[in-house]
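Bear in mind these aren't lab numbers, they're just calculated from the coordinates by the rules spelled out. The shown structure was predicted, so the numbers you read here are calculated from the model rather than taken from an experiment. Neighbour counts run over all protein chains shown; Cβ positions are idealised from the backbone, glycine included.
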Amino acid sequence: MRRLVRYLLVTALLLAGAASLSGCIVLSPRGRVWVPGYWGPPHVWVGGHWRYR
């Protein structure tokens, strides 16, 4: 049981670390850019989306 809990904890930490390092991904200089989500002005969550440059 302890081994399972430790395995799940390590997996969760690795996923959280990978998610925290993700940001804007530029595919090409004149291609699509991923804009991550953010909190907008009256505490409204604006989800991530692809934007063309």
Would you mind getting me the FRET efficiency between Val44 and Leu8? Use the beta-carbon distance for r and R0 = 35 Å, nearest 0.05. 0.60
Starting at the first residue of segment 41-48, write each ³J(HN,Hα) from the Karplus equation 6.51 cos²θ - 1.76 cosθ + 1.60 with θ = phi - 60°, in whole Hz, x for Gly and Pro. x, x, 6, 10, 7, 9, x, x
